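The values are calculated or read from the model by the stated rules, or taken from the named source; none is laboratory data. Computed from a predicted structure; not experimentally measured. Ideal geometry is used to build each Cβ from the backbone, glycine not excepted, and the neighbour counts take in all protein chains shown. All accessible areas refer to the heavy atoms of the entire protein, side chains included, with ligands and DNA or RNA removed. Shrake-Rupley method; radii C 1.70, N 1.55, O 1.52, S 1.80 Å.
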Amino acid sequence: MSEPIKLVAFCGSLRQASFNKMALNAFIERVPAGTSVQTIDIDWPLYNADIQAKGFPDKVQAAQKALLEADGLVLASPEYNYGPSGVLKNAIDWLSRMTPQPFAGKPIAIFGAAGGVLGTARAQYQLRQIMVFLDGRPVNKPEVMIGGAQNRFVDGKLTDEASGKLLADLGTSLLLAVRQSKASAHVK
Ligand SMILES: Cc1cc2nc3c(=O)[nH]c(=O)nc-3n(C[C@H](O)[C@H](O)[C@H](O)COP(=O)(O)O)c2cc1C
(Lines give C-alpha, C1' and ligand atoms only; values in the text may rest on other atoms or scores of the structure.)
Protein backbone atom coordinates (compact mmCIF):
# COMPACT_ATOMS: atom_id res chain seq x y z
CA MET A 1 0.00 0.00 0.00
CA SER A 2 1.37 3.44 -0.89
CA GLU A 3 1.16 6.35 1.56
CA PRO A 4 -1.97 8.56 1.42
CA ILE A 5 -1.48 11.75 -0.60
CA LYS A 6 -2.58 15.09 0.85
CA LEU A 7 -3.61 17.91 -1.46
CA VAL A 8 -4.62 21.48 -0.69
CA ALA A 9 -6.96 23.36 -3.05
CA PHE A 10 -7.69 27.05 -3.62
CA CYS A 11 -10.63 28.28 -5.68
CA GLY A 12 -10.18 31.74 -7.17
CA SER A 13 -13.90 32.57 -7.17
CA LEU A 14 -15.80 33.59 -4.04
CA ARG A 15 -19.15 33.47 -5.85
CA GLN A 16 -21.65 31.06 -4.31
CA ALA A 17 -22.72 29.55 -7.64
CA SER A 18 -19.18 29.59 -9.03
CA PHE A 19 -18.45 27.27 -11.96
CA ASN A 20 -14.89 26.98 -10.65
CA LYS A 21 -16.16 25.73 -7.30
CA MET A 22 -18.23 23.18 -9.22
CA ALA A 23 -15.21 22.20 -11.32
CA LEU A 24 -13.12 21.85 -8.15
CA ASN A 25 -15.78 19.56 -6.67
CA ALA A 26 -15.75 17.54 -9.90
CA PHE A 27 -11.94 17.28 -9.64
CA ILE A 28 -12.19 16.15 -6.00
CA GLU A 29 -14.80 13.51 -6.89
CA ARG A 30 -12.35 12.07 -9.42
CA VAL A 31 -9.04 12.04 -7.52
CA PRO A 32 -7.43 8.61 -7.32
CA ALA A 33 -8.16 6.52 -4.21
CA GLY A 34 -5.97 7.28 -1.21
CA THR A 35 -5.94 11.04 -1.89
CA SER A 36 -7.43 13.68 0.41
CA VAL A 37 -8.15 17.25 -0.70
CA GLN A 38 -8.50 20.11 1.78
CA THR A 39 -10.13 23.17 0.21
CA ILE A 40 -8.91 26.36 1.87
CA ASP A 41 -10.95 29.54 1.88
CA ILE A 42 -8.92 32.45 0.46
CA ASP A 43 -11.27 35.32 1.26
CA TRP A 44 -8.37 37.16 2.93
CA PRO A 45 -7.58 40.87 3.43
CA LEU A 46 -5.81 42.51 0.53
CA TYR A 47 -2.05 42.15 0.76
CA ASN A 48 -0.54 45.07 2.60
CA ALA A 49 3.05 45.13 3.82
CA ASP A 50 1.94 47.20 6.83
CA ILE A 51 -0.34 44.36 7.96
CA GLN A 52 2.48 41.90 7.29
CA ALA A 53 4.82 43.97 9.48
CA LYS A 54 2.42 43.46 12.40
CA GLY A 55 2.11 39.73 11.68
CA PHE A 56 0.59 37.59 8.96
CA PRO A 57 -3.19 37.13 9.36
CA ASP A 58 -4.17 33.85 11.07
CA LYS A 59 -5.84 32.50 7.91
CA VAL A 60 -2.68 33.09 5.89
CA GLN A 61 -0.55 31.36 8.52
CA ALA A 62 -2.94 28.40 8.60
CA ALA A 63 -2.83 28.13 4.81
CA GLN A 64 0.98 28.21 4.81
CA LYS A 65 1.05 25.38 7.35
CA ALA A 66 -1.46 23.31 5.38
CA LEU A 67 0.46 23.88 2.16
CA LEU A 68 3.82 22.99 3.71
CA GLU A 69 2.29 19.75 5.02
CA ALA A 70 0.57 18.94 1.72
CA ASP A 71 2.08 16.90 -1.09
CA GLY A 72 0.52 19.00 -3.82
CA LEU A 73 -1.65 22.01 -4.63
CA VAL A 74 -4.76 22.40 -6.78
CA LEU A 75 -5.65 25.81 -8.25
CA ALA A 76 -9.06 26.38 -9.83
CA SER A 77 -9.28 29.91 -11.18
CA PRO A 78 -11.72 31.97 -13.18
CA GLU A 79 -10.32 34.28 -15.83
CA TYR A 80 -10.84 37.96 -15.12
CA ASN A 81 -9.74 40.24 -17.95
CA TYR A 82 -7.34 37.63 -19.30
CA GLY A 83 -5.68 36.99 -15.94
CA PRO A 84 -6.31 34.95 -12.78
CA SER A 85 -8.79 36.42 -10.31
CA GLY A 86 -7.54 39.05 -7.89
CA VAL A 87 -8.68 36.81 -5.04
CA LEU A 88 -6.31 34.04 -6.09
CA LYS A 89 -3.45 36.41 -6.93
CA ASN A 90 -3.88 38.01 -3.50
CA ALA A 91 -3.60 34.62 -1.78
CA ILE A 92 -0.48 33.79 -3.80
CA ASP A 93 1.02 37.19 -2.96
CA TRP A 94 0.47 36.72 0.79
CA LEU A 95 1.91 33.21 0.84
CA SER A 96 4.85 34.23 -1.33
CA ARG A 97 6.08 36.54 1.46
CA MET A 98 6.29 33.76 4.04
CA THR A 99 9.27 31.71 5.15
CA PRO A 100 9.38 28.92 4.20
CA GLN A 101 7.76 29.98 0.95
CA PRO A 102 5.24 27.16 0.56
CA PHE A 103 4.97 26.94 -3.26
CA ALA A 104 8.64 26.03 -3.73
CA GLY A 105 9.00 22.56 -5.19
CA LYS A 106 5.26 21.86 -4.88
CA PRO A 107 3.52 19.88 -7.62
CA ILE A 108 0.49 21.91 -8.78
CA ALA A 109 -2.60 21.13 -10.85
CA ILE A 110 -4.14 24.17 -12.53
CA PHE A 111 -7.54 24.31 -14.23
CA GLY A 112 -10.42 26.68 -14.70
CA ALA A 113 -13.91 27.25 -16.03
CA ALA A 114 -15.11 30.37 -17.83
CA GLY A 115 -17.95 31.67 -19.89
CA GLY A 116 -15.63 32.34 -22.82
CA VAL A 117 -14.56 29.69 -25.31
CA LEU A 118 -10.92 29.65 -24.19
CA GLY A 119 -11.90 28.41 -20.74
CA THR A 120 -9.35 30.44 -18.69
CA ALA A 121 -6.39 29.57 -20.96
CA ARG A 122 -4.85 33.03 -20.61
CA ALA A 123 -5.30 33.09 -16.83
CA GLN A 124 -3.73 29.65 -16.56
CA TYR A 125 -0.64 30.71 -18.49
CA GLN A 126 -0.24 33.69 -16.19
CA LEU A 127 -0.45 31.37 -13.18
CA ARG A 128 2.24 29.17 -14.72
CA GLN A 129 4.42 32.25 -15.21
CA ILE A 130 3.92 33.32 -11.58
CA MET A 131 4.89 29.82 -10.48
CA VAL A 132 8.22 30.13 -12.32
CA PHE A 133 9.26 32.83 -9.87
CA LEU A 134 7.87 30.94 -6.88
CA ASP A 135 9.50 27.67 -8.00
CA GLY A 136 6.18 25.80 -7.99
CA ARG A 137 5.90 22.78 -10.27
CA PRO A 138 2.69 22.94 -12.32
CA VAL A 139 2.04 19.71 -14.19
CA ASN A 140 2.02 20.35 -17.93
CA LYS A 141 -0.62 17.92 -19.11
CA PRO A 142 -3.48 17.61 -19.46
CA GLU A 143 -4.51 21.24 -19.76
CA VAL A 144 -8.07 21.57 -18.51
CA MET A 145 -9.81 24.64 -19.86
CA ILE A 146 -13.57 24.42 -19.41
CA GLY A 147 -15.02 26.96 -21.84
CA GLY A 148 -18.71 27.76 -22.22
CA ALA A 149 -19.12 26.78 -18.58
CA GLN A 150 -22.79 27.72 -18.53
CA ASN A 151 -23.44 24.70 -20.78
CA ARG A 152 -21.34 22.18 -18.89
CA PHE A 153 -22.87 22.15 -15.42
CA VAL A 154 -26.40 21.38 -14.28
CA ASP A 155 -27.56 21.89 -10.69
CA GLY A 156 -23.99 22.40 -9.54
CA LYS A 157 -22.68 19.22 -11.16
CA LEU A 158 -20.35 18.83 -14.11
CA THR A 159 -22.29 17.13 -16.90
CA ASP A 160 -19.67 17.37 -19.64
CA GLU A 161 -18.00 13.98 -19.84
CA ALA A 162 -14.96 15.18 -21.78
CA SER A 163 -14.15 17.76 -19.09
CA GLY A 164 -14.71 15.15 -16.40
CA LYS A 165 -12.22 12.81 -18.07
CA LEU A 166 -9.66 15.62 -18.33
CA LEU A 167 -10.07 16.47 -14.64
CA ALA A 168 -9.60 12.80 -13.73
CA ASP A 169 -6.48 12.61 -15.91
CA LEU A 170 -5.14 15.80 -14.31
CA GLY A 171 -5.58 14.20 -10.86
CA THR A 172 -3.63 11.17 -12.02
CA SER A 173 -0.93 13.38 -13.52
CA LEU A 174 -0.64 15.39 -10.29
CA LEU A 175 -0.26 12.21 -8.24
CA LEU A 176 2.45 10.97 -10.55
CA ALA A 177 4.30 14.28 -10.07
CA VAL A 178 3.86 13.98 -6.28
CA ARG A 179 5.28 10.46 -6.29
CA GLN A 180 8.22 11.53 -8.46
CA SER A 181 8.88 14.47 -6.16
CA LYS A 182 8.78 12.21 -3.06
CA ALA A 183 11.06 9.66 -4.73
CA SER A 184 13.65 12.29 -5.64
CA ALA A 185 13.50 13.72 -2.09
CA HIS A 186 14.55 10.29 -0.79
CA VAL A 187 17.69 10.19 -2.94
CA LYS A 188 18.87 13.73 -2.09
C1 LIG B 1 -14.30 41.06 -13.81
C2 LIG B 1 -14.60 39.94 -14.77
C3 LIG B 1 -13.76 39.73 -15.84
C4 LIG B 1 -13.99 38.65 -16.70
N5 LIG B 1 -13.10 38.41 -17.69
C6 LIG B 1 -13.21 37.27 -18.43
C7 LIG B 1 -12.18 36.89 -19.32
O8 LIG B 1 -11.17 37.55 -19.49
N9 LIG B 1 -12.34 35.72 -20.00
C10 LIG B 1 -13.46 34.92 -19.85
O11 LIG B 1 -13.55 33.86 -20.49
N12 LIG B 1 -14.45 35.27 -19.00
C13 LIG B 1 -14.35 36.41 -18.26
N14 LIG B 1 -15.32 36.74 -17.35
C15 LIG B 1 -16.50 35.88 -17.21
C16 LIG B 1 -16.19 34.71 -16.28
O17 LIG B 1 -15.63 33.67 -17.04
C18 LIG B 1 -17.47 34.21 -15.63
O19 LIG B 1 -18.03 35.24 -14.85
C20 LIG B 1 -17.21 32.99 -14.77
O21 LIG B 1 -18.46 32.41 -14.43
C22 LIG B 1 -16.44 33.34 -13.50
O23 LIG B 1 -16.11 32.18 -12.77
P24 LIG B 1 -16.99 31.63 -11.55
O25 LIG B 1 -18.26 31.09 -12.17
O26 LIG B 1 -16.17 30.54 -10.96
O27 LIG B 1 -17.28 32.75 -10.60
C28 LIG B 1 -15.11 37.82 -16.50
C29 LIG B 1 -15.96 38.06 -15.41
C30 LIG B 1 -15.71 39.09 -14.56
C31 LIG B 1 -16.61 39.31 -13.35
Practice item. Compute the Kirkwood hydrodynamic radius of the chain, taking the inverse of the mean of 1/r over all pairs of distinct Cα atoms, and give it in Å to one decimal. Key: 16.7 Å
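Only four residue types carry charge here, +1 at the Cβ of Lys and Arg and -1 at the Cβ of Asp and Glu. Report the dipole size of the chain about the Cα centre in Debye, rounded to the nearest 20.
Working: 20 positive and 16 negative charges, 65 e Å.
Using Cβ point charges on Lys, Arg, Asp and Glu, the chain gives about 320 debye.
For residue 125 and residue 39, calculate 0.36 nm times their separation in residues minus their Cα-Cα distance, and state this gained length in nm to one decimal. It would help to have the intermediate numbers written out before the result.
Working: separation 86, 0.36 × 86 = 30.96 nm, distance 2.23 nm.
Here the segment from residue 125 to residue 39 would lengthen by 28.7 nm.
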Review point. Given Cα pairs under 8 Å that are at least 6 residues apart, what percent is the relative contact order of the chain?
Key: 25 percent
**Study point:** Local net charge near residue 167, Cβ-Cβ under 15 Å (Lys/Arg +1, Asp/Glu -1)
**Key:** +1
Exercise for review: Using Cα pairs closer than 8 Å and at least 6 residues apart in sequence, work out the relative contact order for the range 129-188, in percent.
Suggested key: 34 percent
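Rounded to the nearest 0.05, what FRET efficiency is calculated for residue 69 and residue 16 with R0 set to 25 Å and r the Cβ-Cβ distance? Numbers along the way, then the final one.
Details: r = 29 Å, r/R0 = 1.15.
For R0 = 25 Å, the calculated efficiency reads 0.30.
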Point to revise | Heavy atoms of residue 108 accessible to a 1.4 Å probe, total area in Å² rounded to 10 | key: 0 Å²
Revision key, fill the gap. With only helices counted (DSSP H, runs n ≥ 4, each -39500 (n - 2.57)), the per-residue ellipticity at 222 nm for the chain, to the nearest 500, works out to -14000 deg cm²/dmol
Revision key, fill the gap. Taking a probe of 1.4 Å and leaving out DNA, RNA and ligands, the chain shows per residue an accessible area in Å² of 51 Å²
Point to revise | Amide H within-cut-off set for residue 38, under 5 Å, with H built and near neighbours excluded | key: 7, 8, 9
Review point. How would 137, 122 rank on accessible area, largest to smallest, probe 1.4 Å?
Key: 137, 122
**Study point:** Förster radius 25 Å - calculated FRET efficiency between residue 135 and residue 62, Cβ distance, rounded to 0.05
**Key:** 0.70
**Study point:** Using θ = phi - 60° and Karplus 6.51 cos²θ - 1.76 cosθ + 1.60, couplings along the range 12-28 (whole Hz; Gly, Pro as x)
**Key:** x, 10, 8, 5, 4, 9, 5, 5, 5, 5, 5, 5, 5, 4, 5, 4, 4
Check your understanding: Roughly how many percent of the accessible protein surface of the chain is carbon and sulfur, given a 1.4 Å probe and a whole-percent answer?
Key -> 54 percent
